[in-house]
Amino acid sequence: MYARIIGTGSYLPEKILTNDDLSKLVDTSDAWITERTGIRERRVAAEGEKTSDLALAASRKAIEAAGISPSEIDLIIVATTTPDLIFPSTACILQQKLGIPGCPAFDVQAVCSGFLYALATADNFIRAGSSRCALVIGAEIFSRILDWSDRTTCVLFGDGAGAAVLKRDQVPGVIATELHADGRYTDILRVPGNVAEGAVKGKPYLEMDGPAVFKFAVKALGDAAESILASQRVAKTEVDWMIPHQANLRIIESTARRLDLPMSKVVVTLPYHGNTSAASIPLALDTAVRDGRVKKNDLLLLEGIGGGFAWGSALVRW
Ligand code: UT7
């Protein structure tokens, strides 16, 4: 028994914040941001808009594309680092908004690799026979955990959501997933604050050692991509599309180089939404599915990394 992705959807909030807009807030420039990251603009959720709202909009599109009734969904997994509340989970809030009470619903917290963690979890539920039709979402509102006076981080992130419907099938679908984590690196990318005793304790904003993260990401992502191909005995040349986490164009290019993949086989949506953490892979996937780049039987290599450190890859037959 395998899981097959039968529909995708995505959603970006309306408000666009360009690099020029940011240069009015902090000492930065469109030239610096574009050259060092590849990002041109990002989206910012409206006041009152919640992560579950972004997830709902992306989910509705994925459900429509899958051609299923919402009532067929028997598992909901939301990958997010920016949940609506400490609890209940954003997945439970989303379930209520979708009007499909009863099925298991939970969040996965693996920051920018969250979608891969959620996809791997849903894939295993389906392979084990515990689910027939799973809804997997990456949704984030990072704009609310950014220090807007810190130019080294605020220019990098944005808000958005992407979703996929996975259905049980005789043929794969999700061929393989591979997850990794190394908690020795918690300090180079984190939000150190938490809520306790009626107050926010510690800094509730993202802090990052950018160059250290960059170095770690380049090696880990290259290794993860090579490792999943080797374990499945798939040649690099067989990959039709690499759909990477959208954090930095230079990191994406480096993984593509290591796999000898031309950039024409890499889906890059980063310029239009920046790093949307768990949402970035499903946002890129949905874009490439809807614009017709990803075609039936194409072999997709998904890869991503984020705070934890946590990272992973997936091989998917479309
Ligand atoms: O999802 C996973 C999480 N995140 C990532 O994957 C991000 C990984 N890291 C990166 O993408 C890059 O390290 C950054 C884009 C964050 C930074 O690029 P960099 O080439 O590593 O630059 P840097 O941090 O070494 O900084 C170079 C210079 C510094 O100035 P000095 O010390 O050379 O005078 C910074 O202060 O650029 C300066 N700088 C900026 N200048 C203009 C840093 N941020 C900015 C900015 N605008 N926004």
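Structure notes:
- Summarising the overall dimensions of the range 271-318 from its C-alpha atoms, the Rg and Dmax are 11.9, 34 angstrom.
- Translational diffusion of the range 2-171, µm² s⁻¹ [Kirkwood Rh, Cα pairs; Stokes-Einstein; 20 °C; 1.002 mPa s]: 129 µm²/s
- Residue order by solvent-accessible surface for MET208, MET242 is MET208, MET242, largest first, with ligands and nucleic acids left out and a 1.4 Å probe.
- Counting only protein chain heavy atoms and rolling a 1.4 Å probe, the accessible areas of VAL195, VAL294 rank, largest first, as VAL195, VAL294.
- For the range 212-281, the relative contact order works out to 36 percent when only alpha carbon pairs closer than 8 Å and six or more residues apart are counted.
- Extending 7 Å from the Cα toward the beta-carbon at both ASP21 and ARG258 defines two label points whose distance is 3.4 nm.
- Computed extension length for ASN194-ASP298: 33.1 nm, one decimal, from 0.36 nm per residue of separation with the Cα-Cα distance subtracted.
- Measuring r between the beta carbons of LYS203 and ALA176 and using R0 = 51 Å, the FRET efficiency lands at 0.85.
- The HN-Hα couplings worked out from phi for the range 240-257 by the Karplus form 6.51 cos²θ - 1.76 cosθ + 1.60 (θ = phi - 60°) are 7, 9, 9, 10, x, 4, 9, 10, 8, 4, 5, 5, 4, 5, 5, 5, 4, 4 Hz, whole numbers, x standing for Gly and Pro.
- Counting every pair of alpha carbons in the range 175-317, the share spaced more than 17 Å apart comes to 61 percent.
- Segment ASP150-SER231, length gained on full extension (0.36 nm per residue, minus Cα span): 25.0 nm
- For the range 87-195, the equivalent ellipsoid built from the Cα gyration tensor has semi-axes of 29, 18, 13 Å, listed from largest to smallest.
- Shown here: the chain, whose C-alpha atoms stretch 54, 47, 37 Å along the first, second and third principal axes, sorted largest to smallest.
- Length gained when the stretch ARG250-PHE106 is fully extended (0.36 nm per residue, less Cα-Cα span): 48.5 nm
- Probe 1.4 Å - accessible area at THR177, Å² to nearest ten: 40 Å²
- With all protein chains modelled, accessible area of GLU226 [1.4 Å, Å²]: 60 Å²
- Computed on the chain, with alpha-carbon pairs under 8 angstrom and 6+ residues apart, the relative contact order is 26 percent.
- Of GLU303, GLU35, GLU14, the order by accessible heavy-atom surface (1.4 Å probe, DNA, RNA and ligands excluded), from most exposed downward, is GLU14, GLU35, GLU303.
- Protein heavy-atom accessible surface, 1.4 Å probe, per residue over the chain: 42 Å².
- By accessible area, using a 1.4 Å probe on protein heavy atoms only, the range 175-317 has 54% of its surface on carbon and sulfur.
- Within the accessible area of the range 2-171 (1.4 Å probe), percent carbon and sulfur: 51 percent
- If R0 is taken as 30 Å, the Cβ-Cβ distance between LYS215 and ASN124 corresponds to a FRET efficiency of 0.45.
- Reducing the range 233-308 and the range 95-133 to their Cα centroids gives an inter-centroid distance of 22 Å.
- Heavy atoms of LYS203: accessible area, 1.4 Å probe, square angstrom to 10: 80 Å²
- Given +1 at the Cβ of Lys and Arg, -1 at the Cβ of Asp and Glu and no other charges, the dipole of the chain around its Cα centre is 680 debye to the nearest 20.
The values are calculated or read from the model by the stated rules, or taken from the named source; none is laboratory data. For clarity, every value in this text was computed on a predicted model and none was experimentally measured. Note that we place each Cβ from the backbone using ideal geometry, even for glycine, and neighbour counts take in every protein chain shown. Side chains included, ligands, DNA and RNA excluded: accessible areas come from the protein's heavy atoms. Shrake-Rupley method; radii C 1.70, N 1.55, O 1.52, S 1.80 Å.
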